[in-house]
Amino acid sequence: LGLAICRSLCENMGGRIWVTSDVGEGSKFEFSFFAAVASAPVVVSPLVAAPVEEKPSAPIRVLLVEDNSINQIVALAFLKKLGQVADVANDGLEALDFMQDNRYDLVLMDCHMPRMDGFECMKQITIRWPVEDRPKVVAMTASARKEDEQRCREAGMEGFVTKPIDMKALRFWVEAAQKTAAEKLLFGRSA
């Protein structure tokens with residue numbers, strides 16, 4: 001399972017993973033992928049980037065609620081491939097602050113975070129905003145059991161995306177949020 005997850009992460013980030021093995025010496029696992037480098041000189045790589053998927057037609061307002069910085073980087077990279085940018089909240093309390101000041105079309109919500117988890121944050125969202133003013137809230141979690149998905153739905157989240165992030169599932173929810181935002185504009189409600 002661990003190698004399958006590693007392969008999926010590498011491929012989704014335009015990279016690859018491989019293994020070399022010498023009898024009596026063990027195996028060596030290596031991987032490569034493209035990533036933005038913070039505060040470092042640009043390094044030219046001999047690898048060719050994987051083709052970028054077609055971008056959705058319209059940008060939407062996305063809030064990523066995730067406490068893990070690596071998961072933030074990965075999710076933002078996937079959203080960028082879909083032509084989207086996102087504000088980032090580190091927990092449920094920050095998410096509520098962002099939502100108080102901004103109107104979002106899609107909230108990608110980790111379930112297990114410090115201070116306020118995704119379930120309590122969703123509860124607060126349902127208390128504070130009427131249904132017509134709420135964004136689509138989609139759980140993004142490493143908990144992949146059916147009970148976890150059911151708990152997210154019972155909390156009021158519309159969808160469930162497991163980590164490592166499945167690009168097809170993420171694309172589905174971005175496109176669903178685009179459609180809802182367009183309908184709100186078409187029928188005169190604020191998006």
Note to self: Taking the beta-carbon count within 10 Å as an exposure proxy, list TRP129, TRP18 from fewest neighbours to most.
What the structure shows: TRP18, TRP129
Check: What trypsin sites (Lys or Arg not before Pro) does region 112-158 have in DSSP loop regions with at most 12 other beta carbons within 10 Å?
Finding: ARG115, ARG145
Item checked: Cβ-based exposure ranking for VAL85, VAL138, VAL65, in which fewest neighbours within 10 Å come first -> VAL85, VAL138, VAL65
Check: Which chymotrypsin sites (Phe, Trp or Tyr not before Pro) from region 126-190 combine a DSSP loop assignment with at most 12 other Cβ atoms within 10 Å?
Finding: PHE187
Next item on the list: Within the set of other residues whose C-beta is less than 9 Å from the C-beta of ALA181, count the net charge using Lys and Arg as +1 and Asp and Glu as -1.
Entry: +1
Margin query: Kirkwood Rh over alpha-carbon pairs of region 46-173, then Stokes-Einstein at 25 °C and 0.890 mPa s: what D in µm² s⁻¹, rounded to an integer?
Written below: 165 µm²/s
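Please give the length that would be gained between SER8 and ARG115 if that part of the chain were fully extended, namely 0.36 nm times their separation in residues minus their C-alpha to C-alpha distance (nm, one decimal).
Full extension of this stretch gives 35.5 nm more.
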Check: Which residues does a label at GLU30 reach in region 6-20, if reach means a backbone N under 14 Å from a point 7 Å past the Cα toward the Cβ?
Finding: 16-20
Next item on the list: Would you mind ranking LEU79, LEU93, LEU106 so that the residue whose beta carbon has the fewest other beta carbons within 10 Å leads the list?
Entry: LEU93, LEU79, LEU106
Note to self: Net charge around ASN12, counting only other residues with Cβ within less than 9 Å of its Cβ (Lys, Arg = +1; Asp, Glu = -1)?
What the structure shows: -1
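Read-outs: derived from the displayed coordinates by stated rules, not from any lab. Keep in mind that this is a model prediction, so the values were computed, not measured. Cβ sites come from the backbone with ideal geometry, for glycine too, and all protein chains shown count toward neighbours.
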